[in-house]
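**Student:** Mind looking over this structure? Questions follow.
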Amino acid sequence: MNRPKLTSGPESVAAFRYSPDVAFTVTVVLVALLPRLFVAIAWAHEPVWDGHYYDFGAERIAAGFGYSEDVMVNGQPVWKPWSHYPVGYSAFLAAGYATCGRLVEWLFGSRSYVAPLGNALIGALTAGAVHRLARYFMNPTRARIAGAITALHPGLIVYTAVLMSEPLTAFLLVTTGWTAVAWRGSVRGVLLAGVILGLATLVRPSALLAAPLLVVTQPRPWRKALLRGTAATILCLAVVLPWTARNCRVMDGCALVSTNAGWNLAIGALSDTGRFVALRAKDGCPVVTGQVQQDRCWGEVGRRAIARDPWSWAAKIPQKLAHTFSHESFAIEYLREADPHAWPEARRVAGRDLLSFFHRLLLATAALAVVGRVWRDDGWVRMMVQGVLLGAFAALALYAFRDDYHPFQYLAVLAPLVGLLPLPGRPWQGPVGRYLFGLILAAAATHAVFFGDDRYHLVVTPAYCILAAAALRKSYDSERDARLSWE
């Protein structure tokens, strides 16, 4: 096997020469596709919750009516544009309805299978993209493990039947990082990464927070890296701005992508638990005439609530992060809502327990990606620092498993923060590691400000799959020792 070789230090990822290993990428995509196809066909039902609106928006786009609905005015239907939910996922589904709807209806008897089948394809491609990205982070064997974990992750498989935007966002974020690193330092990489991140932003606006992370994927000097990252961000915005112009033209005001940021801020500020609560007119916005005005009103309600008692708002952050990172149950609850008879209480509890256990095990293992495997010959300082880290993360994971509330949010956030520190004996992180840590911290920051729910960690689950495969690599302190991280 041809091993990657460094020609100018651990920062020169573009200098790695490695066998493409395309055969494994294709294999892991096919392996990932099979269980997802089963879930898509056997478990999919009428979409519920937010999935209903994504599906309805997709049907309208596919029918040629745009992202809109019809409302009755004086007994006559009147076209009314939407922008409350981001358009990207509905547009993705609409493309499937328009191109494959009749074929799927002929094969399965209903066009409703298009969405879960599309999710199955995206989930399988995510496993392949994880393998490709991981090859720039660790040795080929570990990269294969990362792809396999993603392919067989039970939560990602079950989520195939859920009409939500998280899997598509995760795929686009992984592909953004892969593109930026694979063509590191080239104009082509900057162009592709910016465009893909723009598509991710249309699916989930918070993906725009990944734009600054593109700087760390580029080779130094920092001035050139900053210029490339800025160029990618400009391209990202260029992809988004036509939709923004549409909103300014047809809505009651301008909105970058969607009109739910103020809504979500108010929920996070008014919720006692840090989770979703339904807002009512009496909460602060009794009279609104349009979606943009409504979003601005709720945004002002949220800001006023935070300003009145910032300490209480800040005190809810651990709860929000706990709801986001400490368990995995949304997919089971969604499927139960869609088909209660198929999910009696015993099966529901077993499903939630299985997904949550695997997710927590993944977090505990991924935390060890920032711990170096050191020996006595590596020096006592490195042994002590990395030994303390190993003991601390092991103790925190054990405590989180045993505690009734399972506070894995601390492990989920603390490990990426430690990974960014230049500690003695740490394993090589490089541009891929820094990008992954940044994605996780950006997700944590987003839901610390707004509100938490366990479905939101699915966006960074592929990042955790890569980090789990990178657990306890050899440490390095020099260019020569950097080769050890490839073992």
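The values are calculated or read from the model by the stated rules, or taken from the named source; none is laboratory data. Predicted model, so just to flag it, every value in this text is computed and none were measured. Reconstructed Cβ throughout: ideal geometry from the backbone, glycine too, with neighbour counts over all protein chains shown.
**Student:** Looking at region 292-333, which of its residues are of a type in the set (Ser, Thr, Tyr), part of a helix (DSSP H, G or I) and in contact with a helix residue (DSSP H, G or I) (Cβ under 6 Å, 6 or more places away or on another chain)?
**Tutor:** Result: Thr324, single match.
**Student:** In region 363-379, what count of residues is obtained for those that are buried (at least 21 other Cβ atoms within 10 Å of the Cβ) and assigned to a helix (DSSP H, G or I)?
**Tutor:** The number of residues fulfilling the criteria is 7.
**Student:** For region 428-446, give me each residue that is in contact (Cβ under 8 Å) with a residue 60 or more places away in the chain and within 12 Å of the chain's Cα centre (by Cα).
**Tutor:** Once the filter is applied, which keeps residues that are in contact (Cβ under 8 Å) with a residue 60 or more places away in the chain and within 12 Å of the chain's Cα centre (by Cα), region 428-446 yields Leu436, Gly438, Leu439, Ala442, Ala443, Ala444, Thr446.
**Student:** I'm told Thr201 meets every condition in (1) crowded, with 20+ Cβ neighbours inside 10 Å; (2) without any contact (Cβ under 8 Å) to a residue 40 or more places away in the chain; (3) of a type in the set (Val, Ile, Thr); (4) closer than 27 Å to Asp295 by Cα except one. Can you identify the failing condition by its number?
**Tutor:** (2)
**Student:** Same structure again: Those residues that are closer than 24 Å to His327 by Cα and exposed (fewer than 14 other Cβ atoms within 10 Å of the Cβ), I need them from region 409-430; list them, please.
**Tutor:** Within region 409-430, just Leu417 meets the criteria.
**Student:** Regarding His406, is this residue surrounded by fewer than 24 Cβ atoms within 10 Å (Cβ to Cβ), in contact with a helix residue (DSSP H, G or I) (Cβ under 7 Å, 6 or more places away or on another chain) and either of a type outside the set (Gly, Ala, Ser) or free of Cβ contacts under 8 Å to residues at least 60 places away in the same chain (or both)?
**Tutor:** yes
**Student:** Considering only region 313-334, state which residues are free of Cβ contacts under 8 Å to residues at least 24 places away in the same chain and either within 18 Å of Asn264 (Cβ to Cβ) or in contact with a Lys or Arg (Cβ under 9 Å, 6 or more places away or on another chain) (or both).
**Tutor:** Ala314, Glu333 - these are the residues of region 313-334 that are free of Cβ contacts under 8 Å to residues at least 24 places away in the same chain and either within 18 Å of Asn264 (Cβ to Cβ) or in contact with a Lys or Arg (Cβ under 9 Å, 6 or more places away or on another chain) (or both).
**Student:** Condition first: modelled with pLDDT under 95, among the acidic types (Asp, Glu) and under 19 Å from Asp453 (Cα atoms). Can you find one or more residues in region 268-278 that meet it?
**Tutor:** yes
**Student:** Go through region 204-223 residue by residue and tally those that are in a helix (DSSP H, G or I) and free of Cβ contacts under 8 Å to residues at least 24 places away in the same chain.
**Tutor:** Within region 204-223, residues that are in a helix (DSSP H, G or I) and free of Cβ contacts under 8 Å to residues at least 24 places away in the same chain number 3.
**Student:** Just checking: which of the helices (runs of 4 or more DSSP H) contained wholly in region 65-176 hold 2 or more residues that are charged (D, E, K, R) and under 30 Å from Thr233 (Cβ atoms)?
**Tutor:** No helices (runs of 4 or more DSSP H) qualify here.
**Student:** I need a count of the residues in region 384-441 that are in contact with an Asp or Glu (Cβ under 9 Å, 6 or more places away or on another chain), under 17 Å from Val216 (Cβ atoms), part of a helix (DSSP H, G or I) and not small (Gly, Ala, Ser).
**Tutor:** 1
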